[in-house]
1. Determine the gain in length on full extension of the stretch Asp145-Lys163; use 0.36 nm per residue of separation and subtract their C-alpha separation, reporting nm with one decimal.
2. Would you count, across region 92-197, every pair of lysines whose alpha carbons are under 17 angstrom apart, provided the pair is eight or more residues apart or spans two chains?
3. What GluC sites (Glu not before Pro) in region 88-197 are in a loop by DSSP, with at most 14 other Cβ atoms within 10 Å of the Cβ?
4. Which whole-number value in Å² is the accessible area per residue of region 53-101, probe 1.4 Å?
5. If you filter region 91-155 for trypsin sites (Lys or Arg not before Pro), then keep DSSP loop positions with at most 14 other Cβ within 10 Å, what is left?
6. Pop a pseudo-label 7 angstrom from the Cα along the beta-carbon direction at both Lys113 and Asn92 and give the gap in nm to one decimal.
7. If r is the Cβ-Cβ distance from Ile65 to Ser85 and R0 is 41 Å, what FRET efficiency results, to the nearest 0.05?
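The values are calculated or read from the model by the stated rules, or taken from the named source; none is laboratory data. The shown structure was predicted, so the numbers you read here are calculated from the model rather than taken from an experiment. Neighbour counts run over all protein chains shown; Cβ positions are idealised from the backbone, glycine included. Heads up: the accessible areas ignore ligands, DNA and RNA and are worked out on the full protein's heavy atoms, side chains in. Shrake-Rupley method; radii C 1.70, N 1.55, O 1.52, S 1.80 Å.
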Amino acid sequence: MKTRFLSAALVISLLAAIPALAADTYTFDKAHTRIGFTAQHLVISTVEGRFKDFDGTITLDPNDISKSSVKVSIKTASVDTDNQSRDNDLRNSEFLDVAKYPEMTFVSDKVEKRGTGYVATGTFTLKGVSKTIELPFTLGGPIDDPWGNSRIAVQASTKINRKDYGVNYNQAMKNGTALVGNEVTINLTIEATKKKK
């Protein structure tokens with residue numbers, strides 16, 4: 001009787017562990033990842049930029065996407081728009097205030113399938129302000145790369161209003177329109193890997 005009880009307990013323990021083992025953690029491959037953004041300039045054109053220093057992980061359960069998650073941390077001082085003067089302006093207190101707020105983050109609360117893609121809903125924090133946003137994305141992989149690692153790819157895009165996060169600077173032109181648009185589009189192109197054991 002005791003042996004049967006122990007065997008049953010062992011089987012239950014193993015079954016309970018299966019969902020946890022099904023989820024794999026992938027780390028952003030920085031050489032093949034771009035965290036970019038676009039914003040309107042002078043109403044008629046668009047400025048593109050990116051952040052060059054970041055870290056991120058994706059926990060993926062391909063059997064149950066709702067058990068997946070994502071976490072991203074971005075160094076605000078790494079902003080790069082290919083213009084040194086503009087980048088210095090973006091780092092000052094009227095924009096990102098990098099001295100006071102060195103990081104922006106996104107941490108998902110849930111991931112769900114919608115239509116042909118997925119949506120990660122979570123908390124985005126910028127300049128000390130945290131708000132819930134939705135991040136629609138598509139997923140490629142997992143596949144085995146030539147070096148024996150498992151690799152996934154994510155394409156994601158969402159829009160935020162910079163003023164919701166205290167990025168309030170603006171200058172009105174003669175016709176009354178804003179020099180810099182309030183809406184910022186965030187574009188993510190991510191490759192992430194799970195090292196071979």
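1. 2.3 nm
2. 6
3. Sites meeting the loop and neighbour criteria: Glu94.
4. Numbers: 2580 Å² over 49 residues.
For region 53-101, the per-residue accessible area is 53 Å².
5. Counting only loop positions with at most 14 other Cβ atoms within 10 Å, the trypsin sites (Lys or Arg not before Pro) in region 91-155 are Lys100.
6. Inter-label distance under the simple model: 5.0 nm.
7. The value I calculate is 0.40.
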